[in-house]
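Just below is one structure, and these are the notes that go with it.
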Amino acid sequence: MENREIAVVTGASRGLGRAAALALAESGYRVIVATRSAESAEEVVRRIEEAGGEALPLRLDIADPQSINDATATLLAAIAATWAGSRITVLVNNAGVGHFAPLGEVSVADFDDTFAVNVRGPFLLIQALAPQLADGSRVVNLSSSLSRHVSPATAVYAASKAAIEALSRSLALELGRRGIRINTVAPGPTATDFNGGAMRDNAELRLGLGQQTALGRVGEPAEIADAIVALVSPGLRWVTGERIEVSGGVLL
Ligand SMILES: NC(=O)c1ccc[n+]([C@@H]2O[C@H](COP(=O)([O-])OP(=O)(O)OC[C@H]3O[C@@H](n4cnc5c(N)ncnc54)[C@H](OP(=O)(O)O)[C@@H]3O)[C@@H](O)[C@H]2O)c1
């Protein structure tokens, strides 16, 4: 393995984050598997190590600013102790929540949690890690196709994803002079636990959503992960401040 760069992936316990952590390890990155609970990193770290890669677990609740501070300190100490000399060059802000409800049923707590996880957390983590990111690093923030098209009962979630896109563009300008690229990946419907696993387990919904895509089906986690790996690769070194939709062409 040639690449000794470090990639940090949040929400890496399952779904797209897990797939991104595995794919980044496969392409040679040392991976920080950041998960809300310590135990949920174990399987992913083990999988990476069994495949000959290197990974470290990191406990991080992205909704909690104190956890972000603590995790940053823990992360830097762990890198110094285990991978001295390696630099963080990739950050994937993947952890996300969707509290889907019609207007009259959206609670203040769900609104605040959506923005704490999907917007404030990624911002604070970029802020905390920016001094540690090597020049030329890449940040990928997860958005959603729902920032472009509308679907019932998704207003707060869609607004949070529009916010992370605006935030990413601004920070791409702010950090660009260090060669740091910041982009968003906007998946379409993808088969994970998200939204109660509906896109994976509900055959009728899968069919309906699949028919809305040019390629005729919902996506798989590895298809989003491969796009993230491509986006952080040198081949896309001139791309920053962009929103890349990875949706099989949903509602074109
Ligand atoms: N699947 C889709 O169709 C789809 C489409 C568009 C965009 N996305 C976006 O893609 C990203 C990943 O989604 P997914 O499909 O993989 O969802 P998922 O299977 O529900 O996984 C969500 C991940 O986020 C983590 N997470 C949630 N709140 C957290 C917190 N406070 N602190 C740390 N981690 C937290 C979860 O950790 P725990 O295991 O601890 O709960 C889990 O690892 C999200 O940003 C989502 O909005 C997904």
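Bear in mind these aren't lab numbers, they're just calculated from the coordinates by the rules spelled out. Model, not experiment: these values are computed from the prediction. Backbone-built Cβ (ideal geometry, glycine too); neighbour counts: all protein chains shown.
Summary of values
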read-out: Scope the range 127-161; condition out of contact with any strand residue (DSSP E or B) (no Cβ under 8 Å at 6 or more places or on another chain), surrounded by fewer than 16 Cβ atoms within 10 Å (Cβ to Cβ) and not polar (S, T, N, Q); matching residues; value: Pro131, Asp135, Val150, Pro152, Ala153
read-out: Residue pairs meeting the criteria (Cβ under 8 Å; at least 6 apart or on separate chains; first within 20 Å of Asn94 (Cβ to Cβ) and of a type in the set (Asp, Glu), in the range 48-77; second within 14 Å of the ligand (Cβ to nearest atom) and part of a loop (DSSP other than H, G, I, E, B)); value: Asp61/Arg36
read-out: Counted residues, the range 1-22 - those being within 16 Å of Thr192 (Cα to Cα) and either free of Cβ contacts under 8 Å to residues at least 60 places away in the same chain or of a type outside the set (S, T, N, Q) (or both); value: 12
read-out: Selection count, the range 137-166, where residues are free of Cβ contacts under 8 Å to residues at least 60 places away in the same chain and farther than 20 Å from Phe111 by Cα; value: 2
read-out: Among (1) more than 14 Å from the chain's Cα centre (by Cα); (2) over 18 Å from Thr192 (Cα atoms); (3) in a helix (DSSP H, G or I); (4) touching a residue at least 24 places away in the same chain (Cβ under 8 Å), the one test that Gly28 misses; value: (3)
read-out: Residue satisfying condition, being without any contact (Cβ under 8 Å) to a residue 12 or more places away in the chain and either more than 10 Å from the ligand (Cβ to nearest atom) or under 25 Å from Val229 (Cα atoms) (or both), within set Ala95, Ala81; value: Ala81
read-out: Residues of the range 75-96 classified as among the hydroxyl-bearing types (Ser, Thr, Tyr) and farther than 30 Å from Thr190 by Cα, total; value: 2
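So that you can scan it fast, the table gives a plain yes or no per residue for (1) under 25 Å from Gly28 (Cα atoms); (2) near the ligand (Cβ under 9 Å from one of its atoms); (3) over 20 Å from the mean Cα position of the chain (by Cα); (4) not hydrophobic (A, V, I, L, M, F, W, C):
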| residue | (1), (2), (3), (4) |
| --- | --- |
| Asp135 | yes, no, yes, yes |
| Ala155 | no, no, yes, no |
| Ala159 | no, no, no, no |
| Ile180 | yes, no, no, no |
| Gln212 | no, no, yes, yes |
| Pro221 | yes, yes, no, yes |
